[in-house]
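Okay, so here's the structure we're looking at.
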Amino acid sequence: MKKLLKYLRNYKKELVFGPFFKLLEAIFELTVPHVMAMIIDIGIENNDTKYILRMSGLIILLGFCGLGFALTCQLLASRCAYGFGTELRTDLYKHINSLSYSSIDKVGTASLLNRLTNDSNTVQNGVNMFIRLATRSPFLVIGAMVRAMMIDLKLSLIFLVVAVLTTIVIVSVMHKTVPMYKTTQKNLDRASLLTRENLEGARVIRAFSRQQEEIDDFRKSVDDIAESSIAVGRISSILNPFSFMVMNLGIVFILWFGGVRIDTGYLTQGELTEFTNYMTQILLALIVLANLIVTFTKAFASANRISEVFDIQPEKSGGNEIPADHKDYGNIIEFRNVSFSYDTAGDHSLKDISFTLERGKMLGIIGGTGSGKSTLANLIPCFYRATEGQILISGVDVYNYNFDELRKTIGIVPQKAVLFTGTVRDNMKWHNPDATDTEIISALKTAQAWEFVGKMPDGLDTKISQGGKNLSGGQKQRISIARAIVGNPDILILDDSTSALDYATDLALRKSLKNDMPDTTVIMISQRTTSLKDADKIIVMDDGEAVGMGTHDELLKTCEIYSEIYKSQMNEKEGV
């Protein structure tokens with residue numbers, strides 16, 4: 001929680017004046033029982049109607065003043081809490097975007113989303129309640145006890161006993177529930193993960209008629225949340241009834257012993273009434289404090305989860321910019337004995353990969369599922385850091401580059417075509433925000449996408465729904481390719497991003513890339529040998545190793561795996 005306090009630095013006035021106004025409200029609230037005692041001992045005792053009315057008016061005035069102070073505190077608390085929450089979420093979102101792929105994989109997307117939304121909201125609520133009640137409740141308890149001691153020191157010992165017993169229970173409950181709230185949040189992460197998977201994979205789930213199985217998994221997940229929440233609730237539920245029991249017993253003893261003190265002349269009836277009111281105020285204040293402890297417990301648990309994300313070091317980037325003469329360097333990409341393994345994997349996903357690629361050439365990568373094709377491509381823009389070996393771009397180690405600058409020179413099209421809500425034009429400007437319509441249309445033509453975008457009624461202003469749901473798979477892939485082409489990148493990585501294209505469109509795309517972007521180095525990952533047939537160099541991957549390297553014709557003669565893939569995709573006549 002301490003690490004998050006810096007987000008309160010812009011709200012020092014609210015942090016000071018909010019509790020101050022709440023303190024004034026508490027002072028006025030503590031004054032009311034004393035005024036009531038005066039009404040009983042002076043006004044009623046002497047049958048002085050004017051005095052009673054005057055003091056009753058004072059009580060009303062104290063009430064309105066207290067209301068004004070309370071509303072002022074609410075305003076300041078809301079301004080501070082929501083400002084704190086806004087800054088926290090903004091910084092957390094920024095930090096998450098600075099994390100490496102490895103760090104994001106380790107925490108999990110669903111958990112990060114839950115911490116960004118649910119946990120940050122819980123901490124924000126904790127700040128709000130702190131300003132509103134953290135000062136009032138303790139002050140009421142302490143103030144009422146001090147005032148009671150001033151009236152009758154011996155009788156006020158009952159207050160001390162009640163306060164000590166209640167405090168012991170509150171601390172015990174807090175000690176038990178803090179770890180349990182962390183478990184509840186983890187269960188909520190699991191439910192968020194299932195929800196995300198089910199919504200994204202709704203078509204697949206229905207295609208395999210797995211609705212009931214997914215419903216059962218989700219029900220189990222939410223049952224776990226319910227069980228952990230109920231377990232916390234059972235422990236927390238002790239607070240209110242215990243507090244009421246102790247306080248009511250305290251009132252009984254006050255009335256009992258107070259009656260004796262009145263008979264002996266140590267107390268007046270008004271003072272006993274004042275004493276009883278203070279006990280009631282303590283009761284209500286401790287109940288509020290108990291509920292406040294529950295809120296703080298949740299806030300502390302959520303704050304720790306958010307702090308865990310902030311503790312993850314952001315992606316380390318080098319300081320070098322792309323040199324002005326980088327295009328004069330012959331080999332734009334060079335891998336030197338590169339190996340890589342994921343944090344959660346025991347074995348290497350890539351083993352001792354070495355190759356060079358000249359500027360303007362095309363590299364094809366082919367292999368079975370899980371052979372390391374995408375992993376190899378993800379090392380080039382530094383999405384992951386190689387475990388061993390060295391990767392050079394234009395003769396400079398990639399980790400010495402400023403990653404933002406490096407990635408501006410690389411166009412990437414991932415396996416899954418991802419489009420964002422907005423227009424076609426909005427999506428096309430992701431790689432180059434200053435791209436003109438002429439540049440966008442040119443990229444769409446190269447990617448074979450203008451043939452359908454140009455026919456749309458709104459053209460570049462056509463709305464794209466979330467995830468591109470209003471487009472076919474092939475259309476999404478072509479727009480994704482066009483988006484990467486805008487800005488004319490030095491390196492274009494196509495990670496199996498033509499799988500939804502027919503052979504004719506695939507061929508037309510490759511020809512356009514060669515003719516329209518002769519200086520761009522293309523890295524194409526594909527399962528089709530026909531897509532890689534014209535590549536200047538092809539790497540055949542198998543279980544993380546490069547088992548073959550060369551041109552299409554060379555690999556047919558020297559690489560058995562490539563030959564088998566080629567023949568399996570051709571009819572017998574074409575395979576000869």
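The values are calculated or read from the model by the stated rules, or taken from the named source; none is laboratory data. Remember, predicted model here, so these are calculated numbers, not experimental data. Heads up, the Cβs are rebuilt from the backbone with ideal geometry, glycines too, and the neighbour counts pull from every protein chain shown. Protein only, heavy atoms only, side chains kept; ligands, DNA and RNA dropped before computing areas. Shrake-Rupley method; radii C 1.70, N 1.55, O 1.52, S 1.80 Å.
Under 9 Å between Cβ atoms, which residue pairs at least 6 apart in sequence (or on different chains) link something in the range 382-409 that is within 18 Å of Ile104 (Cα to Cα) and in a helix (DSSP H, G or I) with a partner that is open to solvent by less than 30 Å² (accessible area, probe 1.4 Å) and not small (Gly, Ala, Ser)?
As it stands, the answer is Phe403/Pro381; Phe403/Cys382, since those pairs meet every condition given.
If I filter the range 81-98 down to residues being more than 21 Å from Lys13 (Cβ to Cβ) and hydrophobic (A, V, I, L, M, F, W, C), which single residue comes out as most open to solvent (accessible area, probe 1.4 Å)?
The residue in question is Ile96.
In the range 39-52, is there at least one residue being closer than 15 Å to Gln281 by Cβ and assigned to a helix (DSSP H, G or I)?
Of all residues in the range 39-52, those closer than 15 Å to Gln281 by Cβ come to none.
No, that holds for no residue.
Can you run down the residue pairs with Cβ atoms below 9 Å, 6 or more apart or on separate chains, where the first is in the range 202-228 and under 14 Å from Asp189 (Cβ atoms) and the partner is surrounded by 11 or more Cβ atoms within 10 Å (Cβ to Cβ) and among the charged types (D, E, K, R)?
From residues that are under 14 Å from Asp189 (Cβ atoms), the pairs are Ser221/Arg190; Asp224/Arg190; Ile225/Arg190; Ser228/Lys186.
Taking the options Leu494, Leu460, name whichever one is in contact with a strand residue (DSSP E or B) (Cβ under 8 Å, 6 or more places away or on another chain), open to solvent by less than 20 Å² (accessible area, probe 1.4 Å) and more than 20 Å from Gln415 (Cα to Cα). Outline the logic, then answer.
Values: Leu494 fails: more than 20 Å from Gln415 (Cα to Cα).
Sole residue among the options that is in contact with a strand residue (DSSP E or B) (Cβ under 8 Å, 6 or more places away or on another chain), open to solvent by less than 20 Å² (accessible area, probe 1.4 Å) and more than 20 Å from Gln415 (Cα to Cα): Leu460.
Mind checking which residues of the range 144-176 are assigned to a helix (DSSP H, G or I) and open to solvent by less than 20 Å² (accessible area, probe 1.4 Å)?
From the range 144-176, those assigned to a helix (DSSP H, G or I) are 144-151, 157-176; that's our starting set.
Result: Ala144, Ala148, Phe159, Val162, Ala163, Thr166, Ile170, Val173.
Restricting attention to the range 177-221, and to residues there that are aromatic (Phe, Trp, Tyr) and assigned to a helix (DSSP H, G or I), which single residue is least open to solvent (accessible area, probe 1.4 Å)?
From the range 177-221, those aromatic (Phe, Trp, Tyr) are 181, 208, 218; that's our starting set.
Then keep just the ones that are assigned to a helix (DSSP H, G or I); that gives 181, 218.
Working: Tyr181: 26, Phe218: 74 Å².
Residue satisfying both the conditions and the ranking: Tyr181.
Go through Ile168, Ile151 for me and flag whichever is in contact (Cβ under 8 Å) with a residue 12 or more places away in the chain, among the β-branched types (Val, Ile, Thr) and out of contact with any strand residue (DSSP E or B) (no Cβ under 6 Å at 6 or more places or on another chain).
On the way: Ile168 fails: in contact (Cβ under 8 Å) with a residue 12 or more places away in the chain.
Among Ile168, Ile151, only Ile151 is in contact (Cβ under 8 Å) with a residue 12 or more places away in the chain, among the β-branched types (Val, Ile, Thr) and out of contact with any strand residue (DSSP E or B) (no Cβ under 6 Å at 6 or more places or on another chain).
Tell me which residues, restricted to the range 468-482, are touching a residue at least 60 places away in the same chain (Cβ under 8 Å) and either of a type in the set (A, V, I, L, M, F, W, C) or over 12 Å from Ala449 (Cβ atoms) (or both).
Step one: list which residues in the range 468-482 are touching a residue at least 60 places away in the same chain (Cβ under 8 Å), which gives 477, 479-481.
Those that are touching a residue at least 60 places away in the same chain (Cβ under 8 Å) and either of a type in the set (A, V, I, L, M, F, W, C) or over 12 Å from Ala449 (Cβ atoms) (or both): Ile479, Ile481.
Just one of (1) open to solvent by less than 50 Å² (accessible area, probe 1.4 Å); (2) of a type in the set (A, V, I, L, M, F, W, C); (3) part of a helix (DSSP H, G or I) trips up Leu267, so point out which.
Exception for Leu267: condition (3).
Do the conditions hold for Leu272, that is, is it open to solvent by 50 Å² or more (accessible area, probe 1.4 Å) and within 55 Å of the chain's Cα centre (by Cα)?
no
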